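Notes for the one structure printed next.
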Amino acid sequence: MEYILEVLEVSKRFGGVVALNSVTLRIPRGLMTLLIGPNGSGKTTLINVVSGIYRPDGGRIVFDGSEIGGLPTHQIERRGLVRTFQIPQPFTRLTVFENLLTAYEHNRGESFAAAPLKRVWLEDEERAAEKASTVLRLIRLDHLWDQPAYKLSGGQMKLLEVGRALMSGAKMLMMDEPAAGINPALAHELFNHLRELNEKTGVTFLLIEHRLDIALQYVDRVYAMHLGRVIAEGRAEEVLSSTVVVESYLGG
Ligand SMILES: Nc1ncnc2c1ncn2[C@@H]1O[C@H](COP(=O)(O)OP(=O)(O)OP(=O)(O)O)[C@@H](O)[C@H]1O
Ligand SMILES: [Mg+2]
């Protein structure tokens, strides 16, 4: 298996709390991995450290062949590792299509900025619009392209966030409880869409979701955490049948 992300013996403490205790995990390229674990087990902290929101206290993080541990968020995103956040508030007034356009990664570089030709700028805008149309179909919001984002449902808003990440050139997406606050039927629909996106684009996913009955059937691999440590990994059936995982959920 080829890994797009390797987290190697990473630790993070907050005062006396050891949120991550020498955590090692390897995320296979092109697949969907689910991260589970009881409240306070360190799942969100892991994503925060990997995405550069917190600096790790120790260990290494390798993404797509290069070390990213300790880099600021924008540099990590530029390399194609994106954590989805809520759409920033000013953007909710923009349409769905405009939200995609504003997330476009130009990859212009110095030569572009210095280019005196208007033609180059126009070509770039055309490419952005083309890409936005493709992404719009992928996230299945084409029928809502001219609607302001604030009119979207919770699940549609999550898909728009994914769309913005794809526009920015993401190779891997990390989503912390994307279906939180969404009813079970729509949560299934959301996970189904994410699975379809994964299969069509090859983008790697790392997802956190509490409701195993909702998420498990859509993912390829599972990591389970408890008290800041990885306690199991493997295919869904393997992890679920692990005694330590069951006990951690029972408060053991
Ligand atoms: N910014 C912070 N400052 C202090 N302690 C923190 C901070 N962030 C997390 N923690 C602590 O680190 C531990 C792990 O928290 P984390 O949020 O990563 O757990 P989680 O697995 O995401 O839980 P949940 O399922 O409830 O979202 C907890 O004890 C938490 O209180
Ligand atoms: Mg959390």
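Summary of the geometry: segment 192-252 and segment 159-174, compared by the centres of their Cα atoms, lie 21 Å apart. Only alpha carbons enter this Debye calculation for the chain, each as an equal point scatterer, and the log10 of I(q)/I(0) it gives at q = 0.16 Å⁻¹ is -1.21. At the listed q of 0.27 Å⁻¹, the Debye profile of segment 88-168, built from one uniform point per Cα, gives log10 I(q)/I(0) equal to -1.25. For the pair residue 237 and residue 89, a Förster radius of 45 Å applied to the C-beta separation gives a FRET efficiency near 0.60, rounded to the nearest 0.05. Distances between placed amide hydrogens fall under 5 Å for residue 3 paired with 29, all partners being 5 or more residues away or on another chain. Note the count of lysine pairs whose C-alpha atoms are less than 25 angstrom apart in the chain, limited to pairs 8 or more residues apart or on different chains. Close lysine pairs found across the chain: 11.
If you plug the beta carbon distance of residue 180 and residue 105 into 1/(1 + (r/R0)^6) with R0 = 35 Å, you get a FRET efficiency near 0.80.
Could you order peptides 61-71, 223-233 by the average number of other Cβ atoms within 10 Å of their residues, highest first? Mind showing how you got there, number by number?
Details: 61-71: 15.8, 223-233: 20.5.
Highest to lowest by the protection proxy: 223-233, 61-71.
Ordering 180-190, 156-166, 23-33 by mean Cβ neighbour count within 10 Å, with the highest value first, yields 156-166, 23-33, 180-190. Mean residue ellipticity, 222 nm, helices only, the chain: the sum of -39500 (n - 2.57) across DSSP H runs of n ≥ 4, divided by residue count and rounded to 500, is -11000 deg cm²/dmol. For helix 118-138, what angle does its Cα long axis make with the longest principal axis of the chain, in degrees from 0 to 90 and rounded to 10? Tilt relative to the chain: about 50 degrees.
Here the Karplus curve 6.51 cos²θ - 1.76 cosθ + 1.60, taken at θ = phi - 60°, turns the phi angles of segment 15-23 into couplings of x, x, 8, 8, 6, 10, 10, 6, 7 Hz, with x standing for Gly and Pro.
Please list 1-11, 48-58 highest first by mean number of surrounding beta-carbon atoms within 10 Å per residue. Please report the intermediate quantities before stating the final value.
Values: 1-11: 16.7, 48-58: 18.4.
Highest mean packing first, the order is 48-58, 1-11.
Would you tally the net charge around residue 166, using a Cβ to Cβ cut-off of less than 11 Å, leaving residue 166 out, and scoring K and R as +1, D and E as -1? Residues near residue 166 contribute +2 overall.
Here, each number is a calculation from the coordinates, and none is a lab measurement. These figures come from a predicted structure and were not determined experimentally. Methodologically, a virtual Cβ is constructed for each residue, glycine included, from the backbone with ideal geometry; neighbour enumeration extends over all protein chains shown.
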